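Down below is the structure, laid out as structure tokens.
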Amino acid sequence: MTPFVAEIIGTFLLMLLGCGVNANVSLNKTYGQGSGWIVITTGWALAVYVGVVVAGPHSGAHINPAVSIGLAAAGKFPWADVPTYIIAQFIGAMLAAFTVWLVNKKHFDATDDGDTKRGVFCTGPAIANTGLNLFSEMLGTFVLVFTVLYFTDATLNETNPVIIGLGSLGALPVALLVWGIGLSLGGTTGYAINPARDLGPRIVHALVPIKDKGSNGWGYSWIPVIGPIIGGCLAAALMLILS
């Protein structure tokens, strides 16, 4: 498996299970409807676990543009490979969002509220405040990337020329990290902490035929893209200062 394919598959699995738990908790007439924030954060943590298990040995399982950019800014991943990884991550995220919509189509039909339907695909602020929402996404991603930089040692595998980054310690620490971020910092914006996780499915939401789906939230959409990138770069900068 090439790194490009691994990032597509890893991000697909992350988003299939992540958006899937959103759908299960939020949409009408599912068995999981109304099961709450603990189920959502746990589902996303396990989604990360699955994505990293599969993609880790082949690409380092970045499965997040902010991680790829952060590792590159810290000198632990070649900048030349960043665009390829990001393209793969967006492909995987969009394919997964489409699949979640298809699997849950009848439940989307049974749900009236447009904001609830959009929330399956992408994030939004609990209380809209541009500055604080941006800071929230920066902070969550800062914790993600800064911790990743300290519990993984990115090295070049001599037998297989792939930079091993996020997946080098195994998937469980990463899953626990994302779970902790969701539980502690995720309540303000839904903790995208991943530009592909938010923008890719948001585009799919705009394209697929959903009855009464309401606004796509484009006015907010830049925050879960720019915030994580800034947070990842700040984490890399601090790591370099401290090292």
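Since every read-out is calculated from the coordinates, none of them should be taken as a lab result. Because the structure is predicted, anything quoted here is derived from the model rather than measured. Note that we place each Cβ from the backbone using ideal geometry, even for glycine, and neighbour counts take in every protein chain shown.
Scalar couplings 3J(HN,Hα) for region 174-190, obtained by applying the Karplus form with A = 6.51, B = -1.76, C = 1.60 to θ = phi - 60°, are 5, 4, 5, 4, 5, 4, x, 4, x, 5, 9, 10, x, x, 8, 10, x Hz; x denotes Gly and Pro. For the chain, the longest principal axis of the alpha carbon atoms and the long axis of helix 82-103 meet at an angle near 30°. Principal-axis analysis of the Cα atoms of the chain puts helix 223-242 at an angle of about 20° to the longest axis. When the charge dipole of region 1-157 is built from unit charges on Cβ atoms (+1 for Lys and Arg, -1 for Asp and Glu) and taken about the Cα centre, the candidate among His58, Pro125, Cys19 whose Cα reaches farthest toward its positive end is Cys19. Taking Lys and Arg as +1 and Asp and Glu as -1, the other residues whose beta-carbon sits under 13 Å from that of Val145 total 0. Per-residue extension of 0.36 nm, minus the Cα-Cα distance of Leu176 and Ile87, leaves a gain of 29.4 nm for this segment. Straightening the chain between Tyr31 and Met1 buys 7.2 nm, computed as 0.36 nm per residue apart minus the Cα-Cα spacing. Applying the Karplus relation 6.51 cos²θ - 1.76 cosθ + 1.60 with θ = phi - 60° to region 118-129 yields 3J(HN,Hα) values of 4, x, 5, 8, 8, 8, x, x, 5, 10, 6, 7 Hz, where x marks Gly and Pro. A simple charge model with +1 on the Cβ of Lys and Arg, -1 on the Cβ of Asp and Glu and nothing else charged puts the dipole of region 3-242 at about 420 debye relative to its Cα centre. Take the alpha carbon atoms of region 26-72, find their center, do the same for region 82-135, and report the distance between the two centers in whole angstrom. When both Cα centres are located, 13 Å separates them.
Counting only DSSP H runs of at least 4 residues, each contributing -39500 (n - 2.57), and dividing by the residue count of the chain, the helix-based mean residue ellipticity at 222 nm comes to -22000 deg cm²/dmol. The amide H of Thr189, built 1.01 Å from its N in the peptide plane, has Ala126 as neighbours under 5 Å, considering only residues 5 or more places off or on other chains.
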